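Asker: Take a look at this one; I'll ask things after.
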Amino acid sequence: MGSPSGWLVVVDYQEVFRDPTSPWTTPRFDEVRPRIRSLVEAFGERVVFTRFVVPDEPTGAWADYYAKYDYFTQAHAIPLFQLSEDPGGRPVVDAPTFGKWVPEVAELVGGGPVTVAGVATDCCVLSTVLPAADAGVLVRVVSDACAGASDEAHDDTMRILGCYAPLVEVTTTAEVLAEA
């Protein structure tokens, strides 16, 4: 049996988005976990995890952002930035930005295609997918392996991403796994 083509990018699969006490919780996080696990298994070694991190010294508008969300600059929040599962030796790319289409990720995945899963659909996933598409990489977003700040935000984002076809394809876990 084969595996899906390209790379899987698992965006910000972190405790800060799973923990129900976090201001950034994504309510359906635990529901997407089995699908993300299935995708990770199917892609094997062609998986990269990203991780949102708070910069030591926020600059520009980020300074205002962390003034509003100072919860995340406190020592109690540090464990929340860990991945929710062991990446199993696969690369983990940290970035202090919403979008994770950073040079390290682009170098790892090459020309694509790229399959994207993770959280939050309406923030970090969206902010990762659009620059990748702008770079000419075919991006597949696995709708049922992403979770948003709310169901409405998730659904709205999927509708918006669907407008970027054929650069961006909205798909499902079953469709991706059927390639394997």
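Asker: If you scan region 40-54, which residues turn out to be surrounded by 15 or more Cβ atoms within 10 Å (Cβ to Cβ) and within 30 Å of Leu177 (Cβ to Cβ)?
Answerer: Correct list: Val40, Ala42, Phe43, Arg46, Val47, Val48, Phe49, Thr50, Arg51, Phe52.
Asker: Say whether the condition of being touching a residue at least 60 places away in the same chain (Cβ under 8 Å), open to solvent by less than 20 Å² (accessible area, probe 1.4 Å) and within 20 Å of Pro103 (Cα to Cα) is met by at least one residue in region 13-35.
Answerer: yes
Asker: Here is a further query. Test each condition in (1) part of a helix (DSSP H, G or I); (2) over 26 Å from Val109 (Cβ atoms) for Glu57 and report the one that comes out false.
Answerer: (1)
Asker: Take Val9 and tell me if it is open to solvent by less than 50 Å² (accessible area, probe 1.4 Å) and part of a strand (DSSP E or B). Full working, then the answer.
Answerer: Values: open to solvent by less than 50 Å² (accessible area, probe 1.4 Å): yes; part of a strand (DSSP E or B): yes.
Yes.
Asker: Conditions first: (1) farther than 16 Å from Glu15 by Cα; (2) without any contact (Cβ under 8 Å) to a residue 40 or more places away in the chain; (3) of a type in the set (Asp, Glu); (4) part of a loop (DSSP other than H, G, I, E, B). Asp122 passes all but one, so which condition is the exception?
Answerer: (4)
Asker: Right, something else. Inside region 136-174, can you point out the residues that are hydrophobic (A, V, I, L, M, F, W, C) and part of a helix (DSSP H, G or I)? Don't jump to the end; show me each part of the working.
Answerer: Residues of region 136-174 that are hydrophobic (A, V, I, L, M, F, W, C), as a first pass: 137-139, 141-142, 145-147, 149, 153, 158, 160-161, 163, 165, 167-168, 170, 174.
Passing the criteria: Ala153, Met158, Ile160, Leu161, Ala174.
Asker: Here is a follow-up. What do you reckon, is Glu57 open to solvent by 70 Å² or more (accessible area, probe 1.4 Å), acidic (Asp, Glu) and modelled with pLDDT of 95 or more? Steps first, answer last, please.
Answerer: Working: open to solvent by 70 Å² or more (accessible area, probe 1.4 Å): yes; acidic (Asp, Glu): yes; modelled with pLDDT of 95 or more: no.
In short, no.
Asker: What number of residues in region 125-135 are open to solvent by 10 Å² or more (accessible area, probe 1.4 Å) and either outside any helix (DSSP H, G or I) or closer than 16 Å to Phe52 by Cα (or both)? Break it down into steps so the answer makes sense when it comes.
Answerer: So the first thing to find is which residues in region 125-135 are open to solvent by 10 Å² or more (accessible area, probe 1.4 Å), and the list is 126-127, 130-131, 134-135.
With the extra rule that they be either outside any helix (DSSP H, G or I) or closer than 16 Å to Phe52 by Cα (or both), the set shrinks to 126-127, 135.
Total meeting the criteria: 3.
Asker: Restricting attention to region 71-116, which residues are open to solvent by 50 Å² or more (accessible area, probe 1.4 Å) and assigned to a strand (DSSP E or B)?
Answerer: Val92, Asp94 - these are the residues of region 71-116 that are open to solvent by 50 Å² or more (accessible area, probe 1.4 Å) and assigned to a strand (DSSP E or B).
Asker: Go through region 36-61 and give me each residue that's without any contact (Cβ under 8 Å) to a residue 40 or more places away in the chain and among the small types (Gly, Ala, Ser).
Answerer: Matches in region 36-61: Gly60, Ala61.
Asker: Please enumerate the residues belonging to region 136-176 that are without any contact (Cβ under 8 Å) to a residue 40 or more places away in the chain, under 16 Å from Arg35 (Cα atoms), among the hydrophobic types (A, V, I, L, M, F, W, C) and surrounded by 18 or more Cβ atoms within 10 Å (Cβ to Cβ).
Answerer: Answer for region 136-176, where residues must be without any contact (Cβ under 8 Å) to a residue 40 or more places away in the chain, under 16 Å from Arg35 (Cα atoms), among the hydrophobic types (A, V, I, L, M, F, W, C) and surrounded by 18 or more Cβ atoms within 10 Å (Cβ to Cβ): Val141, Val170.
The values are calculated or read from the model by the stated rules, or taken from the named source; none is laboratory data. Remember, predicted model here, so these are calculated numbers, not experimental data. Note that we place each Cβ from the backbone using ideal geometry, even for glycine, and neighbour counts take in every protein chain shown. Ligands, DNA and RNA are stripped out before the accessible areas are found, and what is left, the full protein with its side chains, is counted by its heavy atoms. Shrake-Rupley method; radii C 1.70, N 1.55, O 1.52, S 1.80 Å.
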